[in-house]
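Q: Please see the structure below; I have some questions.
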Amino acid sequence: MSIISKVLSLENPAFCGYVTYSSLLVLKMMIMPLLTVKQRRKFGVPISPEDCAIYNRKSLRLHEEVERIRRAHLNDLENIPIFFIAGAFYLLTNPSPRTALNLFRTYTIARYCHTFVYAVVVIPQPARAISWSIGFAITGYMLFRTIRHFKAF
């Protein structure tokens, strides 16, 4: 059995954890546009000029509550795909399942917390910075371990 088929096996708890937590992150990213729409409707904020008639507006305007959710979603789009790649590469190092699961779990919790303190119940800094930093550090750690494992240069 090759290392890839061993690592990418449903019998590997690290791989199953990666799939589970990655799915939870995709679900979270799918919820963000729905939250944006909810806030747009609540505050009567159109997305495009042609939508102004729906909200009885003559022009576009911004609203901080809508923009806050959009920024949280943008932050997800900037960070979560990198985690997907780093996590997949990290799995190829055949890490300890316990370590891998804890990294995947902690990253997912940190991303949910980031959105919560940024866009749902706004909590002053450093709450957002801490939750973002945890995810950033985990992604960096996985990449460092992967580079160290493969040493291809």
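Just so it is clear, none of the values below were taken in a lab; they were calculated from the coordinates. Predicted model, so just to flag it, every value in this text is computed and none were measured. In this analysis, Cβ positions are derived from the backbone assuming ideal geometry, glycine residues included, and neighbour counts consider all displayed protein chains.
Q: Just to confirm my numbers, what's the Cα centroid distance between segment 94-134 and segment 26-52 in Å?
A: 24
Q: Could you grab the Rg to Rh ratio for the chain? Cα atoms only, Kirkwood for Rh. Write down the numbers at each step before the final one.
A: Values: Rg = 19.2 Å, Rh = 17.3 Å.
That ratio is 1.11, to two decimals.
Q: What FRET efficiency do you get for GLU64 and PHE144 if R0 is 30 Å and r is their Cβ-Cβ distance, rounded to the nearest 0.05? Provide the component values of the computation, followed by the final result.
A: Numbers: r = 38 Å, r/R0 = 1.25.
For R0 = 30 Å, the calculated efficiency reads 0.20.
Q: Give me the angle, in degrees from 0 to 90, between the Cα long axis of helix 64-91 and the longest principal axis of the Cα atoms of the chain, rounded to the nearest 10.
A: Approximately 10 degrees, to the nearest ten.
Q: Follow-up. Within segment 82-153, which trypsin sites (Lys or Arg not before Pro) sit in a loop by DSSP and count at most 13 neighbouring Cβ atoms inside 10 Å?
A: Working: sites: ARG98, ARG105, ARG111, ARG128, ARG145, ARG148, LYS151; in loops: LYS151.
In loop regions of segment 82-153 (DSSP not H, G, I, E or B), the sparsely surrounded trypsin sites (Lys or Arg not before Pro) are LYS151.
Q: A further question follows. Assuming 0.36 nm per residue, please report the length gained on full extension of the stretch LYS42 to ALA152 beyond their Cα-Cα distance.
A: So the extension gain works out to 34.3 nm.
Q: Separate question: Evaluated at 37 °C with a viscosity of 0.692 mPa s, what Stokes-Einstein diffusion coefficient in µm²/s does segment 48-125 have when Rh comes from the Kirkwood expression over alpha-carbon pairs? Walk me through the numbers on the way to the answer.
A: On the way: Rh = 15.3 Å.
Estimated diffusion coefficient is 214 µm²/s.
Q: How do HIS63, HIS114 rank when sorted from fewest to most other Cβ atoms within 10 Å of their own Cβ? Mind showing how you got there, number by number?
A: Working: HIS63 13, HIS114 24.
Ascending Cβ contact count within 10 Å gives the list HIS63, HIS114.
Q: A further question follows. Using Cβ counts within 10 Å as a stand-in for footprinting exposure, how do LEU60, LEU10 rank, fewest first? Don't skip to the answer; put the middle values down first.
A: Details: LEU60 13, LEU10 8.
By the 10 Å Cβ count, ascending, the order reads LEU10, LEU60.
Q: Moving on to the next point. With each run of n ≥ 4 DSSP H residues scored as -39500 (n - 2.57), what mean residue ellipticity at 222 nm is computed for the chain after dividing by its residue count and rounding to the nearest 500 deg cm²/dmol? Mind dumping the intermediate values first?
A: Numbers: 5 runs with 107 residues, N = 153.
So the calculated ellipticity at 222 nm is -24500 deg cm²/dmol.
Q: Which Cα, out of MET30, ALA88, GLY44, lies furthest along the positive dipole direction of the chain (beta carbon charges, K/R +1, D/E -1)?
A: Looking along the dipole axis, the top candidate is GLY44.
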